[in-house]
Amino acid sequence: MLRAVFPGSFDPPTFGHLNIIERAVGIFDELHIIVAVNREKKSLFSPEERVSMMKNLVSHWSNVRVDMWDSLIVNYLSKEQIRVLIRGVRGVADFSYEFDLSMMNKGLNPSIETIFMTTDPKYFVLRSSAIKELASFGGDISSMVPPIVAEALKKKYDRASF
Ligand code: ADP
C-alpha cells in the first residue's frame, strides 16, 4: 500500500494545494494532509480553522486524512511509518527552498523520500500570502480559492465587497 504525506501551512488552502492533493490521490492509496502548527510563524487562520477548512475540502475522498502536527514532519512520518513526503513546486525559487528542506529531512531520516510535484500551469501564480493580501483589499479571489475559503477570508477581513 502506497502512502504519502503532504504537509503545509495551508493558511488558507488554495486551488493550487487542492490540485496537488487531487493529483497525489490519483497516485497514492492513502494521503495524509498535515496542517503544520508553527507558533513562531504568524498565521491568519488558527490551526483548528485550517484543519476544519481542509477537512471540508477533501471530505469526498475516503482515502485522505487531515491531521494537525506541531513537531518535526519527519517525526510524523516515523510515527505513521510513511516514507513519502510530497511537496509542490511553482518554480525555481520554490525548488531551491524545497531542495534544502528535503536535504535536511533526509539528514534527519535517510529513509524519507521527498517527491516534488510541479504545479499545474493554471495555478503557478497562486500563493496563500498574495491571496491574503488581495483579500484584505477586497480583491476578487474567487478563481484562487474554493468558496468556503473565500467566505472565511471575507469574514476575517470583514469586507462585504468581494
Ligand atoms: P509552507 O509549507 O511552505 O508554509 P504552503 O502551506 O503555502 O507552504 O504550501 C504547502 C505546499 O504546497 C508546499 O510544498 C508548496 O510549495 C505547495 N504549493 C503551494 N501553492 C502551490 C501551487 N499553487 N502549486 C503547487 N504547489 C503549491
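The values are calculated or read from the model by the stated rules, or taken from the named source; none is laboratory data. All values reported here derive from a predicted model rather than from experimental measurement. Because the Cβ atoms are built from the backbone with ideal geometry, glycine has one as well, and the counts that use them run over all protein chains shown.
Rundown of residues vs (1) modelled with pLDDT under 95; (2) within 20 Å of residue 20 (Cβ to Cβ); (3) outside any loop (DSSP other than H, G, I, E, B), yes/no style:
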site: 45; (1), (2), (3): no, yes, no
site: 49; (1), (2), (3): no, no, yes
site: 53; (1), (2), (3): no, yes, yes
site: 56; (1), (2), (3): no, yes, yes
site: 60; (1), (2), (3): no, yes, no
site: 68; (1), (2), (3): no, yes, yes
site: 77; (1), (2), (3): no, yes, yes
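How about segment 24-56: which of its residues are more than 13 Å from the chain's Cα centre (by Cα) and among the basic types (Lys, Arg)?
Within segment 24-56, 39, 41, 42 qualify.
I'm checking my understanding of the structure. Among residues of segment 112-142 that are within 19 Å of residue 88 (Cα to Cα) and of a type in the set (Ser, Thr, Tyr), which one is farthest from the ligand (Cβ to nearest atom)?
Selected residue: 114.
Between residues in segment 38-65 that are of a type in the set (Ser, Thr, Tyr) and residues that are within 16 Å of the ligand (Cβ to nearest atom), which pairs lie under 7 Å by C-beta distance while being six or more apart or on different chains?
43/9; 43/11
Just need a number here: residues in segment 129-153 that are touching a residue at least 24 places away in the same chain (Cβ under 8 Å), surrounded by 15 or more Cβ atoms within 10 Å (Cβ to Cβ) and under 16 Å from residue 49 (Cβ atoms).
Count: 8.
Take the residues of segment 64-82 that are loosely packed, with under 12 Cβ neighbours inside 10 Å and either touching a Ser or Thr at 6+ places or on another chain (Cβ under 7 Å) or of a type in the set (S, T, N, Q) (or both): which is farthest from residue 1 (Cα to Cα)?
Per the criteria, the residue is 71.
Quick one: how many residues across segment 7-43 are out of contact with any Phe, Trp or Tyr (no Cβ under 8 Å at 6 or more places or on another chain) and assigned to a helix (DSSP H, G or I)?
So the count comes out to 3.
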